[in-house]
Amino acid sequence: MFTQKAYVFNGSFTLYLITGVVFMALGIHTAAASVIQFGQAGDVPVPGTYDGDNKTDIAVWRPSTGLWQIKNSSNNQITTKQWGTGGDIPVPADFDGDGKKDIAVWRPSTGTWHVVKSTTGTGVQMQWGRGADIPVPSDYDEDGKADYAVFRPQNGTFYVIKSSTGGTVVQQIGMAGDLPLAGQFGNYIGADFTVWRPSTGTWYTKEQSPNGTITQTQYQWGSGGDIPVPEAAYCYPPGLVIWRPWTGEWWEPNEPPVQLGQAGDVPVPGNYDGIGAIDKAIWRPADGTWHIREDSSLNCIN
């Protein structure tokens, strides 16, 4: 299973990464979604639990000004913070282990992480990575805190600074052209090293057991143009889900496909209603609207 999506924005592209297995088609759900206007064209959606109430908050980051706007689900108040500048990549994650997403950006020009810790409100910096890297923060060392981590596409290698010890981990998996996924794919707690190969639709993952044994597995799922969204798994998130832009369909193993969205939208699933089940959702850059389909009425298929 997975614990976190790898979201990367760099000027003109967005990456969403996952793994997958065979699914069972059971008819397409087309239930209506609620529509919320929040953000504008050019913004980057950065949803997450920023206020600690275990509900996903609607949030955007504006590259032109570095402005973060967060609609807190706990009180519907809007929090704003200027953090970052054009060319930065937003990388919100729980770096201090308090259960809240921290506002953060990674600056490719210097390879520097700029993080606002939610526990103190203070900013910290860490230099890790270089221009062509892809930031993939996640909890690789199982201490409940996100680690600074980058994936280097040209050699298919993850580079991680462990928050628990300050030590580094270098793990090669994949090759040029592969895309990284940060999250728990295997059976052990902690993020695994995973890549998706667009040319074949194959996911490769390396999982480390508590005794240090490395196990590598692979799965084939999806096709060219699909967008993987592991945190959209309804029953047991995160899991095996893809969103197909040209049809707007979400595909998940053993669940009926769901139709929500259209070409040009950005998938932003999350627990928006706080009941535990994951809601399918998209953000529409053209008009800055969020379309959220609450999935509390669906039943898991065993």
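Note down the net charge around residue 261, summing +1 for each Lys or Arg and -1 for each Asp or Glu among other residues with Cβ under 12 Å from its Cβ.
Within the 12 Å Cβ shell, the charges total +2.
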Checklist entry - What residues from the stretch 50-94 fall in the zone where the backbone N is under 12 Å from a label point 7 Å along the Cα-to-C-beta line of residue 262? => result none
Checklist entry - Net charge near residue 226, counting Lys/Arg +1 and Asp/Glu -1 over other residues with Cβ under 14 Å of its Cβ? => result -1
Checklist entry - Residue separation times 0.36 nm, minus the C-alpha to C-alpha distance between residue 168 and residue 289: what's the value? => result 39.5 nm
Item to check | Inter-centroid distance (Cα atoms) of the stretch 279-293 relative to the stretch 151-189, Å | outcome: 30
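If R0 is 25 Å, what FRET efficiency do you get for residue 98 and residue 154 from their C-beta distance, rounded to 0.05?
Working: r = 36 Å, r/R0 = 1.42.
The value I calculate is 0.10.
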Next on the checklist: Taking the alpha-carbon distance from residue 162 and a cut-off under 24 Å, which lysines remain once sequence neighbours fewer than 8 residues away in the same chain are dropped?
Outcome noted: 5, 100, 101, 117, 145, 206
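Taking the Cβ-Cβ separation of residue 273 and residue 223 as r and a Förster radius of 25 Å, what is the calculated FRET efficiency to the nearest 0.05? Write out the running numbers ahead of the final one.
On the way: r = 31 Å, r/R0 = 1.25.
It comes out at approximately 0.20.
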Checklist outcome for this item: Once amide hydrogens are built 1.01 Å from N within the peptide plane, the residues lying 5 or more places from residue 136 or on another chain with amide H under 5 Å from its amide H are 149, 150, 151
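Give me the net charge for the shell around residue 159: Cβ to Cβ below 11 angstrom, other residues only, Lys and Arg +1, Asp and Glu -1. List each step's numbers first, then the result.
Working: positive: 130, 152; negative: 133, 147.
In short, 0.
None of the figures in this text is laboratory data; all of them are computed from the coordinates on show. This is a predicted model, so every value here is computed, not measured. Neighbour counts are summed over all protein chains in view; Cβ atoms, including those assigned to glycine, are modelled from backbone coordinates with ideal geometry.
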